[in-house]
Amino acid sequence: MKTIRSLLLGTALAGGALLPAQAQDVTVVMSQNEVGATSYNPITAQLLSVGAWLIYDRLVAKDEKLQYVPQLAESWEEAPDGMSWTFKLKPGVTFHNGTPFTAQTVVDWLPLYKGTENEYLFDAIDHAEAVSDTEVRFVMKRPEPNLLYNLSTVYGSIPDPAVFAELGEDFGVVEAVGTGPFKLESFEIGNQTVLVRNDDYAWGPGAATGRPAKIETLTLREIAEASTAFLELKTGGVDMLMNVPTDFVGEVTGTDNLKLLELPGTDLIYMPINVTKPPFDDVKVREGVAFAINQQEIVDAVFDGRGKAADGFLISALPESQTAPEFRISYDPDRANAALEAAGWVKGADGIREKDGQRLSVTLWTQSDSIFRRLSEVVQAQLKAVGVEAEILTFDSAAIRDQYKTGEQQLAVRTYLWDNADILEWFFGGDRLYYPNISMLNDPKAEELKAAAMTGAKTAAEREANFIAYHQYINSLYPYAPIYEPVQLIGYNAERLSLPEPLQAARFNTLGFLELDVKE
């Protein structure tokens, strides 16, 4: 396995130019919200790029209808009382190093999460036991209606437990051993990842079982600046963009050799509000800025009418997003102005509010890529319309997460990528302050509702109801303002690549790259 240093020496020419791609090599630019991942360690990482979907497999996957389909497990059964799950595993699966994948692998894998940020995913499992080489049983501490989802996420990826233990903190950086359709050739943090085809792969998700990927080498590049990434696509420097900003949709559709693939989005853009930083320690001020955001104007002006105006923290495909009307947060300038007036902030001669001789002047943090800067400027103007002066502070996209950990932000514009209601716990749980809970919310009632939502349900219906209650209460505290629910727009060179349409998966990851082909 090449090290980061060998990548620098072996794949760059003088002046930093990359070696030319071979016929069956494909170069892809990752989505901006995946830039900055420092590891391919699914056990401990808080951010993983699309490469992790390709290096590893999971017991189950999800199709385009968000239904669970087999991957490493060919079938599963939950006990009537929810206190055990039995998974029958696909035979003949091996890791990249030739080690067999068996039920004992799963038994050894689960304890690796103990003490990590991702432990909550499988906390409901007491232990796993190997019934046979191809059958494993999970004995539960409590029923967990969300277990299949947790197993299907990128953080439920299964590495070789022995290699994981051997490498320690180096696992996922200098070497990453999974059972996935691609092997890690090299990883240069903040720059690119090179993956090579796993020729033995024959256990893909759903209907993809039976063959390896069509392409031989896949290079995943990190380009934080969206305009730079698009220029690379247009000039042939890369073959595909995983996320085309709506600003460039017209240019993609108007260029003969480029094509656009549109998929439902699973991410959300929002404005976190730090509840511990004045003036936002006053719930009325938070309410004022939350209702000042004109979501539909942003959809139309910034995103060319593509996607949806958000009115909550969860993507609209989730049933837990269906809060009661009084708990939805959408543009209402009268309510915004009334809340700020009630908090004692009165408009001055220049339109900016004042209180006790102080101007209502705050900071708005954003990322350095162009779409976030433009979006932040629109938010800045919308806040000014209700008397809030916001100074935009821009940080490098790969470094802003470390800045959040200082807790000094007041407002920010950011995004997350997730398709399950448990994201509420991730960004608003009192035990996750500073990061990822950059709203710094730590409310006793919210914590009670969180516990009921995360661990108190015995059935899927009960879990849904508990999360709706949790979602509604969070909204009533205004620790954020919802902004936008994007669609996923993938741009590619149609003269060179053939993409699966329609794609029978929830995201363009494992199945998409298995079906991706280079034209003759």
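So if I check each of D300, D247, which one is touching a helix residue (DSSP H, G or I) at 6+ places or on another chain (Cβ under 8 Å) and not in a loop (DSSP other than H, G, I, E, B)? Before the answer, list the steps.
Details: D300 fails: touching a helix residue (DSSP H, G or I) at 6+ places or on another chain (Cβ under 8 Å).
Of D300, D247, the one residue that is touching a helix residue (DSSP H, G or I) at 6+ places or on another chain (Cβ under 8 Å) and not in a loop (DSSP other than H, G, I, E, B) is D247.
Would you be able to say whether some residue in the stretch 307-318 is of a type in the set (F, W, Y), touching a residue at least 60 places away in the same chain (Cβ under 8 Å) and either part of a strand (DSSP E or B) or closer than 21 Å to T366 by Cβ (or both)?
Filtering the stretch 307-318 for residues of a type in the set (F, W, Y) gives 313.
Next, from what is left, pick out any that are touching a residue at least 60 places away in the same chain (Cβ under 8 Å): 313.
The next check asks that each one be either part of a strand (DSSP E or B) or closer than 21 Å to T366 by Cβ (or both); those that pass are 313.
Checked the stretch 307-318: at least one residue is of a type in the set (F, W, Y), touching a residue at least 60 places away in the same chain (Cβ under 8 Å) and either part of a strand (DSSP E or B) or closer than 21 Å to T366 by Cβ (or both).
Taken over the stretch 221-255, the criterion of being buried (at least 17 other Cβ atoms within 10 Å of the Cβ) and aliphatic (A, V, I, L, M) is satisfied by I223, A224, A226, A229, L233, V238, M240, L241, M242, V244, V249, V252. Can you spot a residue in the stretch 341-363 that is more than 22 Å from Y404 (Cα to Cα), in contact (Cβ under 8 Å) with a residue 24 or more places away in the chain, in the same structural domain as D281 (by TED's automatic domain parsing) and in a helix (DSSP H, G or I)? Yes, some residue in the stretch 341-363 is more than 22 Å from Y404 (Cα to Cα), in contact (Cβ under 8 Å) with a residue 24 or more places away in the chain, in the same structural domain as D281 (by TED's automatic domain parsing) and in a helix (DSSP H, G or I). Against the numbered list (1) touching a Phe, Trp or Tyr at 6+ places or on another chain (Cβ under 9 Å); (2) surrounded by fewer than 17 Cβ atoms within 10 Å (Cβ to Cβ), D356 comes up short only at (1). Residue-level analysis places S397 among those that are in contact (Cβ under 8 Å) with a residue 40 or more places away in the chain and either part of a loop (DSSP other than H, G, I, E, B) or closer than 22 Å to Q488 by Cα (or both). Number of residues in the stretch 169-200 that are free of Cβ contacts under 8 Å to residues at least 40 places away in the same chain and more than 22 Å from the chain's Cα centre (by Cα): the value is 5.
Just one of the listed residues (G307, G312) is at pLDDT 95 or above and under 18 Å from T415 (Cα atoms), and it is G312.
Yes/no per residue for (1) without any contact (Cβ under 8 Å) to a residue 40 or more places away in the chain; (2) surrounded by fewer than 21 Cβ atoms within 10 Å (Cβ to Cβ); (3) of a type in the set (F, W, Y):
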residue	(1), (2), (3)
W426	yes, yes, yes
T455	no, yes, no
F467	no, no, yes
L477	no, yes, no
E501	no, yes, no
T510	no, no, no
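Considering L220, L231, the condition of being modelled with pLDDT of 95 or more, in the same structural domain as L110 (by TED's automatic domain parsing) and either within 27 Å of A494 (Cα to Cα) or part of a loop (DSSP other than H, G, I, E, B) (or both) is satisfied by L220 alone.
One line per residue, one yes/no per condition, for (1) surrounded by fewer than 18 Cβ atoms within 10 Å (Cβ to Cβ); (2) of a type in the set (S, T, N, Q); (3) at pLDDT 95 or above; (4) more than 14 Å from T179 (Cβ to Cβ):
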| site | (1), (2), (3), (4) |
| --- | --- |
| P80 | yes, no, no, yes |
| F95 | no, no, yes, no |
| T102 | no, yes, yes, no |
| T105 | no, yes, yes, no |
| V139 | yes, no, yes, yes |
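Identify, please: which residue in the stretch 449-483 is assigned to a loop (DSSP other than H, G, I, E, B) and at pLDDT 95 or above and is, among those, nearest to E520 (Cα to Cα)? Walk me through it before giving the result.
Let us first name the residues in the stretch 449-483 that are assigned to a loop (DSSP other than H, G, I, E, B), namely 456-459, 478-479.
Okay, now just the ones that are also at pLDDT 95 or above, so 478-479.
Values: Y478: 54, P479: 53 Å.
So the residue we want is P479.
Please work out which residue is nearest to D25 (Cα to Cα), limiting yourself to the stretch 484-499 and to residues that are assigned to a loop (DSSP other than H, G, I, E, B) and either without any contact (Cβ under 8 Å) to a residue 12 or more places away in the chain or under 16 Å from the mean Cα position of the chain (by Cα) (or both).
Narrowing the stretch 484-499 to residues assigned to a loop (DSSP other than H, G, I, E, B): 486-487, 494-496, 499.
When the remaining residues are screened for being either without any contact (Cβ under 8 Å) to a residue 12 or more places away in the chain or under 16 Å from the mean Cα position of the chain (by Cα) (or both), the result is 486-487.
Values: P486: 30, V487: 27 Å.
Restricting to residues being assigned to a loop (DSSP other than H, G, I, E, B) and either without any contact (Cβ under 8 Å) to a residue 12 or more places away in the chain or under 16 Å from the mean Cα position of the chain (by Cα) (or both), the top hit is V487.
The values are calculated or read from the model by the stated rules, or taken from the named source; none is laboratory data. Since the model is a prediction, treat every value here as computed from it, not as a measurement. Using ideal geometry, Cβ is built from the backbone for each residue, glycine included, and neighbour counts are taken over all protein chains shown.
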